[in-house]
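Visitor: The structure's right below; bear with me while I get my questions together.
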Amino acid sequence: MFTGIIEFVAKILEVRTQNTNLHIHVECEFLPEVKIDQSIAHNGVCLTVTEITNQGYWVTAIQETINRTNLANLKPGNLVNIERCMMASSRFDGHYVQGHVDCTGLIDEIHDVDGSNLIFIQHPADAGITVNKGSITVNGISLTVVDSFPDAFSVAIIPYTWEHTNLKTLNVGDAVNIEFDIIGKYIQKYQSLI
């Protein structure tokens, strides 16, 4: 379980494919704290640490994860948002984030709005639902929806979040990982059954 509050922005050191799996070597600022089998969110994708090196650690994404996320686009030198799993004794600053990405969305517009940024993101209409002032996770970042549409939403980004995540590296047309709010997912599922 995660909160969507990004702790670090880390550099991708190496990416390897093996059959249908994608192995990713991630640079790490908190290496002494990393353990094999630990869950860490990378752009909002919960991945398991499989190996520790002198520079960082390796994680593996299987085909299902690759199909639903933007991880296949990663290259050495790219930056990813990192969040370690939530501790039971910590404050819960964001919202419930599972690290189970629902789909990718495309950046449609980016606007500078007097010091903050407004981003419009398109997504498949059947992937999930958003509501105005509801929670959404974009590349692992807990954000509040400004405007909600059947196949898109907008989010306002404060300067701190812009500077301390990989959002500032994105351009129109780039893919981002989206995890819809878990409560909305249950409501959507329930409505499909009645």
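The values are calculated or read from the model by the stated rules, or taken from the named source; none is laboratory data. These figures come from a predicted structure and were not determined experimentally. Note: ideal-geometry Cβ built from the backbone for every residue, glycine included; neighbour counts use all protein chains shown. Accessible surface areas use protein heavy atoms only, side chains included; no ligands, DNA or RNA. Shrake-Rupley method; radii C 1.70, N 1.55, O 1.52, S 1.80 Å.
Visitor: Would you work out the charge dipole size for the range 69-194 about its Cα centre, treating the Cβ of every Lys and Arg as +1 and the Cβ of every Asp and Glu as -1, and quote it to the nearest 20 debye?
Guide: So the magnitude is around 440 debye.
Visitor: Amide H of D147: which non-local residues (sequence gap of 5 or more, or other chain) have their own amide H closer than 5 Å, using H built in the peptide plane?
Guide: Placed amide hydrogens put S154 under 5 Å from D147.
Visitor: Give the label of the value calculated from the structure for semi-axes √(5λ) of the Cα gyration tensor in Å, choosing from [x] 31, 19, 15; [y] 26, 19, 17; [z] 26, 22, 16.
Guide: Computed from the coordinates, semi-axes √(5λ) of the Cα gyration tensor in Å corresponds to [y].
Visitor: Roughly how far apart, in whole Å, are the Cα centres of the range 12-51 and the range 114-162?
Guide: Rounded to whole Å, the Cα centres lie 26 Å apart.
Visitor: Hey, what do the phi angles of the range 104-112 turn into as Karplus ³J(HN,Hα) couplings, whole Hz, using 6.51/-1.76/1.60 and θ = phi - 60°, x for Gly and Pro?
Guide: Values per residue, Gly and Pro as x: 9, x, 10, 5, 9, 8, 10, 10, 7 Hz.
Visitor: Hey, which of these cross-link pairs are over 20 Å Cα-Cα: K75/K168; K75/K185; K35/K75?
Guide: Long pairs (Cα-Cα over 20 Å): K75/K185; K35/K75.
Visitor: Roughly how many percent of the accessible protein surface of the chain is carbon and sulfur, given a 1.4 Å probe and a whole-percent answer?
Guide: 51
Visitor: How big is the accessible area of E29 in square angstrom, nearest 10, if you roll a 1.4 angstrom probe over the protein chains?
Guide: Roll a 1.4 Å probe over it and E29 shows about 140 Å².
Visitor: Solvent-accessible area of D181, probe 1.4 Å, all protein chains present, reported in Å² to the nearest ten, please.
Guide: The accessible area of D181 comes to roughly 40 Å².
Visitor: Rounded to the nearest whole Å², what accessible area per residue is found for the chain with the 1.4 Å probe?
Guide: 53
Visitor: Could you pull out every one of the aspartates and glutamates with an alpha carbon less than 20 Å from that of K11, ignoring same-chain neighbours closer than 8 positions?
Guide: Straight-line reach from K11, under 20 Å: E27, E29, E33, E51, E83, E163, D174.
Visitor: Hey, which aspartates and glutamates would be in cross-link range of K133, C-alpha to C-alpha under 14 Å, not counting anything within fewer than 8 residues on its own chain?
Guide: Straight-line reach from K133, under 14 Å: D147, D181.
Visitor: When you count, for each residue, the other Cβ atoms within 10 Å and take the mean per peptide, how do 70-83, 130-143, 87-100 rank with the highest first?
Guide: The packing order, highest mean first, is 130-143, 70-83, 87-100.
Visitor: What does the extension gain come out to for H100 and T20, with contour length at 0.36 nm per residue minus their alpha carbon separation?
Guide: The span from H100 to T20 would gain 26.9 nm if fully extended.
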